[in-house]
Structure formats: C-alpha cells, structure tokens
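The values are calculated or read from the model by the stated rules, or taken from the named source; none is laboratory data. Everything quoted here is computed from the prediction, not taken from an experiment. Every residue, glycine among them, receives a Cβ derived from its backbone with ideal geometry; neighbour counts consider all protein chains shown. The protein model used for the area step is the full one, side chains on, heavy atoms only, and it has no ligands, DNA or RNA in it. Shrake-Rupley method; radii C 1.70, N 1.55, O 1.52, S 1.80 Å.
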Amino acid sequence: MSAPVPAVILGGTGYVAGELLRLVLAHPRLALAAIASDSQPGEPVAKAFPHLAPACGTLEYASIAEASAIVAREKKSAVLAAAPHGVSHALIDGLLKAAESAGASPSVVDISADYRFADLAAYERIYAHPHGAPARAREFTCAVPEHLDRSPTPHVAHPGCFVTASLLAVVPLLKLGLVDGPVFVSAVTGSTGAGRSPIAGTHHPQRHSDLYAYGALTHRHGAEIAALARAAAGRDAEVAFVPHSGPFARGIHATVQARLAKPMDSAAAIGALRSYYAGRPFVQVLDEPPRVKDVVASNYARLSAAAAGGTIVVMSVLDNLVKGAAGGAVQWMNRLLGFDETDGLTSPAPGWT
C-alpha cells in the first residue's frame, strides 16, 4: 500500500468538521495534515470536540494560511471543506490558486452549497448573493456517489443531507420511469442539521417532544433536489419539498410520494429499488420501513417502498452528519484518490443512541 495521502479539513469547528476529523483520524489511507479554522488558530482541537480527545491528543487548529501552505507543499493532498456556504467558494478558490502556483494537485470535496449548482444564476437566485469564484465552478461536479460512478471533474461538491436522503429515493423513480407527475418529499431532520450555533429552532426546550414543518414548498433544498435529480436521472420533475424539525439530534427520515406510471405492488417496488442499488455498498433496501436509529453515526442509508392504488411511497433514512455530509464527502474523496470507496467508512451504526 502506498503512503497515506495528507488530508486537510477546512472550516474546523462545526458538527460536520468534527465528523470529518473523526473519520480522517481513523482512515487507513489518509493522514491528517491540518484542521483549519481562522477563528481559532492555535486553540486545542479537543476543546471544540472533547469526545475526540483520545484520538486528536494535543492537535491544534491551523490557520487557513497554514492549511494553504500545506496543500501547496504536497504534490497530492485531500481537501475536505466544511465551511459555510457563501464562504467556501472563495476559500477553496484561494487554496487552489496557491496549489496551482506551486505545481500541486489537491483533490477537493466541498460540503457547502457553493459548488452544487452548474447554473450559477440559479445559485445566486436561491442563495441571494453572487458566487465568489464563478470560474472555479466548472471544476466541480455535484452528485450522490451512488448516482455517478466517476466524477468528470477534478473536484466534487457533496449534495448535502436533506438532498442526499431525498435523491436516494427520487432518482430511481425517475430513472426507471416508475412515476409520472410531481414528486412530493416530506423529510424530518435532527437538530444537528441546523449547525452548532444555537438558534430558537434548535434550542432543546423548543425542539424537545415536538415536530414541525418549516419553509414548506419554499426551502432552497427543493430546487437542489430538482436540479440534481434531473442531472442524475435525465428527466425533469416538479419537486414539492417540505422539511420538518424533529425532536432528535441526528438523522433524517424522508418520505417520497408520487403517482405510478403503471400499476405496481409493494414487492415489485422494493425489487426495483434493490436492483437499482445492487453493488452499492452503502445503500441497503429493506422489506420493512427503515428506522433512523439503525443508521445514525454510520455512512449507510436504508430505503424501503410501498405501492398501492396508483401511488408509490419510498422511505429513506440516513445520518445527516455522516452519509449526508462528512461520510459522503470521504466516500467521494476515496474515489477521487483511486481508493476503494468503502475505505474508512464501514463501521456500522452503534444503535440505541
């Protein structure tokens, strides 16, 4: 086996960065070179992530400038970016410019929304600000790993948690021609999906023992689901997306409903999904409805389906911080570097969380 590839994590204090750190520290073919945070350079990483103290020891945060110097110095490196949208595009562009000037060739996977849209006008319309590095956008492809065997570009944008859970259900329905008309997505996320900074919607007394919708039919992820489903399936579909806040910390449960193009029973629907995802190690298709607890803290997603009376329903569950963010990003990085896509990602869910 060749020497491990140096890995740099950008945007290093949020929940997703913590999961990236956990995965990289245990990865058999990546070696952590730096975790960078411009807000906390020189601070102990274990202060932000005490649960990772046994693995990260005395590791300190690097500055973005220090991380950029590492990437420029290394002929090949892995950059996993967990900075917020609106920040990531310029941050990555600057790092890549420094690397290119030094003759280095890093591989980048961005977890923000900044490189998800091929249509930058759509990005600017949905996120309400101009793109910070429009010339760089053509170097990124956005897709769920299970829907694209190889990236045609040197870098990848990860679709994100709500979008990944939804696409895993929506894309087979469209690609296989199983449905006609609009697709309705109702998805519930845990509180970690809102990030680390406390807000009213994620404050425990507000969220505990409650369930509520927000951004119904207007949330930006609806447009992302429609655009990426079109790219993956080669078909346009109207997507009606309603996100919900759930009373748990981690996980997403998405229910996707549509009208069948032709009659089908539940067994045939499950069989179609199972055939579509054959050979995809991180997508498991069950006969019974999937449960969030069975995938939390893992890179596995579980699906099931039901069909009756001209309607099909696909249920999809995954961990929003792993398969929907850090794990999906590492899965893509494995591919970009020519590793087995399962490297460092096969730990099962702990259960009873």
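Things to note:
- D236 versus A53: modelled label distance in nm, points set 7 Å from Cα along the beta carbon direction: 5.7
- Protection proxy ranking for 110-117, 329-336, using the average of other Cβ atoms within 10 Å per residue and placing the highest first: 110-117, 329-336.
- Convex hull volume of the Cα atoms of the range 124-181, normalised per residue: 123 Å³.
- 0 to 90° range, to nearest 10: angle between helix 327-336 axis and the chain longest Cα axis: 70
- Annotation: extensible slack from S63 through H129 equals 21.2 nm (criterion: 0.36 nm per residue apart, minus Cα-Cα distance).
- 0 to 90° range, to nearest 10: angle between helix 220-233 axis and the chain longest Cα axis: 80
- Solvent-accessible area per residue for the range 55-151 (1.4 angstrom probe, square angstrom): 43
- Here, the range 84-142 has an Rg and a Dmax of 11.4, 35 Å when only alpha carbons are counted.
- Tilt relative to the chain, helix 161-175 - C-alpha long axis, 0 to 90 degrees, to 10: 50
- Taking 0.36 nm per residue of separation and subtracting the current Cα-Cα distance, fully stretching the chain between L176 and T346 would add 58.4 nm.
- Treating r as the C-beta distance of T311 and R150 and R0 as 25 Å, the FRET efficiency rounds to 0.10.
- Descending Cα extents along the principal axes, the range 137-218, whole Å: 45, 34, 20
- Estimated inter-spin distance, A122 and Y214, nm [label 7 Å along Cα→Cβ]: 2.5
- Note that the range 266-353 shows a convex hull volume over its alpha carbon atoms of 97 Å³ per residue.
- Long-range tail of P(r) for the range 10-83 (Cα pairs > 18 Å, %): 32
- Once P(r) over Cα pairs in 10 Å bins from 0, in percent is calculated for the structure shown, the corresponding label among (i) 5, 22, 31, 25, 13, 4, 0; (ii) 6, 25, 35, 24, 8, 1, 0; (iii) 5, 23, 29, 21, 14, 6, 1, 0 turns out to be (ii).
- Amide H to amide H distances under 5 Å link E74 with no residue, where only residues 5 or more positions off or on other chains count and H is placed in the peptide plane.
- Restraint check, K175/K323; K76/K293; K75/K293, Cα-Cα greater than 31 Å: K76/K293; K75/K293
- Of the peptides 161-168, 339-346, the order by per-residue mean of other Cβ atoms within 10 Å, starting with the highest, comes out as 161-168, 339-346.
- Across all Cα atoms of the range 248-308, the radius of gyration (one decimal) and Dmax (whole number) stand at 12.6, 39 Å.
- Using the Cα coordinates of the range 200-353, the gyration tensor eigenvalues translate into equivalent-ellipsoid semi-axes of 24, 23, 17 Å, sorted from longest to shortest.
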